[in-house]
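FYI, it's all coordinate maths here, none of it is from the lab. In this text, all values refer to a predicted model and were calculated from it rather than measured experimentally. Glycine also receives a Cβ, built like all others from the backbone with ideal geometry; neighbour counts cover every protein chain displayed.
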Amino acid sequence: MANEQLTKQAYLLYFNLGEALWYRNDLRIRLDRLISRAYKRYLRRYDAQIEAIRLATGER
């Protein structure tokens with residue numbers, strides 16, 4: 001009886017651990033995407049500023 005209970009607890013622990021690792025991985029992927037979007041937005045803004053300076057100074 002105690003052995004069955006331990007087996008059930010072990011399976012439950014294993015399942016919860018797997019779910020926690022999946023959730024952590026999902027959060028990491030979402031964070032990477034968020035950082036990537038923010039960095040791309042920053043680069044676009046930076047390129048627009050450079051272009052405005054070039055147009056104002058008459059370069060090209």
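Summary table below
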| quantity | calculated |
| --- | --- |
| Charge tally in the Cβ shell below 15 Å around Lys40, where Lys, Arg are +1 and Asp, Glu are -1, Lys40 excluded | +3 |
| Per-residue [θ]222 nm for the chain (sum of -39500 (n - 2.57) over DSSP H runs n ≥ 4, rounded to 500) | -35000 deg cm²/dmol |
| Gain on full stretching of the segment that runs from Asp32 to Glu59 - 0.36 nm per residue minus C-alpha separation | 6.0 nm |
| Cα-based equivalent ellipsoid of the chain: semi-axis lengths in Å, sorted from largest, via gyration tensor | 57, 5, 4 |
| Cα-based helix-to-principal-axis angle, 2-57 vs the chain, degrees rounded to 10 | 0 |
| Where labels lie 7 Å past Cα in the beta-carbon direction, separation of Tyr23 and Ala52 in nm | 4.4 |
